[in-house]
Amino acid sequence: MKVESRVILGAFIFLTCLCGVYWGAVAVHGHASERSGIAMLVFSFSAYFLLGSYLLLQWKRRHGVPRPEDRFDATQDDGAGVIDYFPSASIWPAGLGLGAIFFGMALVWGLWYAYIGGVLAIGSIIGWVTESDYTMDVLPGIDPDEVELGHDVASGATRPHYHTDVDHSLSEEVVHPHHH
Amino acid sequence: MHQLTRLPATDFGSPHGVTKQAQWARLLWHISYYFAVPIGLLVIGLIVWALVRYRERPGKERTPAQFQYHIPIEAAYTIIPLVVVAIIFGFMFNAENKQGAVSPTPAVKITVDGFQWGWRFVYPNGHVQVGTGNYNNINDNNGLPVLVMPANETVQLHVVSLDVVHTFYVPAFLYNRDLIPGVDNTFDVNVLKPGLYPGQCNNICGQYHAYMRFLVDVMPPAQYKAWYASQPSCSVTTAGVQGTQPGRCTNETPGLSHT
Amino acid sequence: MDVVPGPRPRGLVKYITSTDHKQIGLNYIVTALIAFVVAGAMAEVMRTQLIVPDNHFVTPNVYNQMFTMHGTIMLFVFVGPLGFAGFGNYLVPLMIGAPDMAFPRFNNLSYWLYLGGFSLLVLSFATNNGAAEFGWFGYAPLTEAIRSPGPGADMWLVGVGLTGFSGIFSAVNIITTIFTLRAPGMVMFRMPIYVWNVLVTMFLVLLAFPVLTSAFALLWIDRHLGGQFFDVTHGGQPILWQNMFWFFGHPEVYIIALPFFGVVTEVIATMSKKPVFGYKGMIGATLSIGALSMGVWAHHMYTTGAVLLPFFAAMSLLIAVPTGIKFFNWIGTMWRGTLVLNTAMLFSIGFLLQFLFGGITGVILAQPVLDFQLHNTYFVVAHFHYVIMGLVMGAFSGLYYWYPKMTGRKMNETLGMISFALMLIGFNLTFFPQHTLGLRGMPRRIEVYNAGMGWNFLNLLSSVGAYVTGIGVVVTVVNMWRSLRRGEIAGDNPWDGQTLEWACSSPPPDHNFEALPPIRSERPVWDANHPDLLTKVGH
């Protein structure tokens, strides 16, 4: 989280400076229409600030304890357990996508398409959301035998382990001393 | 026409412009080439060398080197390009200021109006040269509107769009300028060489964009003066029609435009 | 491995409902390649029209539709989505050791919006006034309802808009995946360069596409609700469109380029049997390009006379520096390696050569004084086709490189080399003469030209080159089809690959990994397979 937030906040600082320089230069020599560029740059660095500060907040909340994926010396065991829930096949995204396309067609040919799109989209969102609720109920400590087939069954993936004869005890010091 | 319009292809491929302002483009071509050619050759050379020298050859097993960083070299190919672009920018900044200078006292001021799909050139006394291309024959140059201007004098062109975005482009001037509704554009040209130069709209402006051509007739100053004196105030010369027709001073779109 | 498998449907239902990032990635790749063929056919129509000066092969309107939709489909449906959504979906989770994307269903939705956008763009040819015909950057006020009537322009707006939303959704998904689903030990500075490049690309998408969508919304309001945003007679400003479009449009150039920079980085490293030279410098260059690309949009607008020339010239020249760094890093990666010159590697070399030339002409065009001469001429067409054809070379390199991972079989090398040779010759024959055409004053987007301008022979050459290129592309398409059944069985790691995607089977199973090697550098698979050839420390 630390690296992530720094990358985004770095971009935020750069764009803020860029916007400042551009604003100043436009004020001296620019064309009136260039105010649009200033406005767009303001929105851009604001967006980076939003994301970067959120990530920084997440990092602060961890009180300096890095996640396994942020540690140079982490092994697969450090990330053991269920990673996340990964829903399997679902028809609702296609339904919602079709609804959105109909909304788009309404912009070309008129409002009637939006009614069809609305029905499709709302129906699909309901299907999608209830499907999510169902999986959330099932997943923690899931026993696959108890899950009825025919429903959408979510799957949780756990960290895989690597079995090999090769000695992988490559120490951090040997491989990348410039990492800290 | 063929010999007239064929631009001399020298100077590393870029033609020489016929205007005073074009010297700045020429200077920048030179600067760019002095840097681009050696750098390009160096990079291609290194790639070719690597391909030949380090390719996998059966029977000659080599262990690939496993180095990853070389700070001095990396710093060099970061700093040297920075210096190069800084130098290019320096020349460019100077050239752009000189080229873009607009004289407060030009010898001639002409308004260039672009419309779908033709041109109207309005002179200070209200004389108008106007016309569109022949939409049936791209090789017909007789019907083209003609922009008449003197050589060796500062001509100030004020370019205005009457409808959509067009671009005033005369290849021999090495110069483009957009005609955008709502944007005021003025620039100077000093043509050094009298002659007949083709020009063309250079921004997609609809169905007959390709036919939106014109000619620039650059005359020696005395000849221009005589031509200008012979154009009655507020008269209109429609391209393709010989002689001067009676006209009126107008700012309206020349009836050939909108559908 | 403790995965609870859901019911995985088969057949058509699988393609429609799959939430597997690999299936969705393949859907993207196949759709993008179809778009490449469709838009490539339009290019052949254009080159056929221009083969002689006063040709009447197609009407002016059809020609205008061709170049508009060629540009639109190539950029919005082919090259961009292929890089960040096609390869991106397939490879990002594999390369960081994740079981899937963070939002699998959302991912599926992205694909449908993308496919819907593509379909609307193609179907717009069937409307009564035909497709949009104002160029892919659609400068107002030509796009206003009175000058471009009919549903074609609206379908262009909606079609591109849908692909834009699809891009934004992909961006959210991929950024979240990279930030939250990396395997233990896969710290940010061990991710493959491809993943870094896609990450930066996705941030550019997040900033750029909303601006484009806003501009489209304004134009739609102008066209349908009597708005006057771009109508100067009612106080609107056509130049606003140009600012908004290029504020999207220049990051877009890097949105399409960065993923393929990543692809060739992976291919060159693997085929040289070496680590990426200057790994951190490479990431720094990518980040610099991402940052600088937000400040160069108006270099497309030098000739408008309404932009601050020195500012944009400085930024545009500056962005050449990180691109140059990448070049030297690629060469450094090959240096003292063992170069396997197979088809994938040759396409990457082709990328280097094409892109180098496009980059040099880019530095020329970045200078306003020279741009005043070259703006909108065929020199510009040649410049950006050298860049984009370089990216196409990169894309083909990626196809030959990862095809074994995706299908379990290798593509035919002989056909691949023939395809490479035809494409390299064809590209250069098509686009090299266009530099001279531009210097001789030929404007782009004209369907007829005066026979006395000295443009005839070069146009003929260029058209012949376009046909050669077309044949070269067809050879690879045939090769892909043929190798599905007849290709040599690849195995898990046919190229001695270095990054995590080569640690799972070909094609990878549901949720990807049976087991993960320890991640102790940016090439864990290489470290596991060559414990005696670890990255040397020091300089």
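Each value in this text was obtained by applying a stated rule to the coordinates, not by laboratory testing. Given the structure is predicted, the values throughout are model-derived calculations rather than measurements. We place every Cβ from the backbone using ideal geometry, glycine too, and count neighbours over all the protein chains shown.
Just a few scattered comments:
- Beta bridge orientation in the protein assembly as shown: antiparallel %, DSSP, nearest 5: 70 percent
- Per residue of peptide B:207-217, the mean number of Cβ atoms on other chains within 10 Å of the residue Cβ is 4.
- For segment C:48-168, diffusion coefficient by Stokes-Einstein and Kirkwood Rh (Cα), 10 °C, 1.306 mPa s, µm²/s: 100 µm²/s
- The C-alpha radius of gyration of segment C:271-325, expressed as a fraction of 2.2 N^0.38 Å, stands at 1.49.
- For chain C, the relative contact order comes to 16 percent (Cα pairs under 8 Å, sequence separation of at least 6).
- Mean per-residue shielding of peptide B:98-104 is 1, counting Cβ atoms of other chains within 10 Å of each Cβ.
- Per DSSP, loop GluC sites (Glu not before Pro) in segment C:402-495 with at most 13 further Cβ within 10 Å: C:Glu488
- For chain B, calculated [θ]222 nm from helices alone, where every DSSP H run of n ≥ 4 adds -39500 (n - 2.57): -9500 deg cm²/dmol
- Sorting C:Lys14, B:Lys20 from the fewest to the most surrounding beta carbons within 10 angstrom yields C:Lys14, B:Lys20.
- For segment B:38-96, trypsin sites (Lys or Arg not before Pro) meeting the loop criterion (DSSP other than H, G, I, E, B) and having at most 12 other Cβ atoms within 10 Å: B:Lys60, B:Arg62.
- For chain C, the number of Lys pairs with C-alpha atoms closer than 20 Å, counting only pairs eight or more positions apart or on separate chains, is 12.
- Cβ-Cβ distance of B:Ala76 and B:Leu196, R₀ of 60 Å, FRET efficiency by 1/(1 + (r/R0)^6): the value works out to about 0.70.
- On the principal axes of its alpha carbon atoms, the protein assembly as shown extends 98, 66, 55 Å, with the longest extent given first.
- Positive-end ranking of C:Leu162, B:Gly118, C:Ile325 along the dipole of the protein assembly as shown, with charges on Cβ about the Cα centre, is headed by B:Gly118.
- Under a model in which nothing but the beta-carbon of Lys, Arg (+1) and Asp, Glu (-1) is charged, the protein assembly as shown shows a dipole of about 2340 debye around its Cα centre.
- For segment C:69-129, a/c is not less than 1.5, where a ≥ b ≥ c are the root eigenvalues of the C-alpha gyration tensor, and a/b does not top b/c. That puts it in the oblate class.
- Per-residue [θ]222 nm for chain C (sum of -39500 (n - 2.57) over DSSP H runs n ≥ 4, rounded to 500): -21500 deg cm²/dmol
- When segment B:118-185 is reduced to its Cα atoms, the Kirkwood hydrodynamic radius in Å: 13.6 Å
- When A:Arg61, C:Arg223, C:Arg190 are sorted by how many other C-beta atoms sit within 10 angstrom of their C-beta, beginning with the fewest, the order is A:Arg61, C:Arg223, C:Arg190.
- Descending semi-axes in Å of segment B:104-245, equivalent ellipsoid built from Cα gyration tensor: 22, 18, 15
- Mean separation of Cα pairs under 8 Å and 6 or more residues apart, divided by the residue count, gives chain B a relative contact order of 21 percent.
- Cα convex hull of segment A:84-135, projected area averaged across orientations, nm²: 3.6 nm²
- Cα point-scatterer Debye curve for segment B:91-137, base-10 log of I(q)/I(0) at q = 0.20, 0.30 Å⁻¹: -0.78, -1.04
- The fraction of all Cα pairs in segment C:179-224 landing in successive 5 Å bins from 0 to the largest distance is 5, 17, 17, 14, 11, 9, 8, 7, 6, 4, 1, given as whole percents.
- Residue mean of other protein chain beta carbons inside 10 Å, A:66-78: 6
- Cross-link reach list, lysines versus A:Lys60, counting only Cα pairs under 19 Å and skipping chain neighbours closer than eight places: A:Lys2
- Lysines with Cα under 21 Å of B:Lys193, excluding same-chain neighbours fewer than 8 positions away: B:Lys20, B:Lys98, B:Lys109, B:Lys225
- Prolate is the label for chain C, because a/c, from the alpha-carbon gyration tensor with a ≥ b ≥ c as root eigenvalues, is 1.5 or above and a/b exceeds b/c.
- When each of A:Tyr54, C:Tyr90 is scored by the number of other beta-carbon atoms lying within 10 Å, the sequence from fewest to most is A:Tyr54, C:Tyr90.
- The simple Förster model, with R0 at 45 Å and r as the Cβ-Cβ distance, assigns C:Leu460 and A:Ala39 a FRET efficiency of 0.40.
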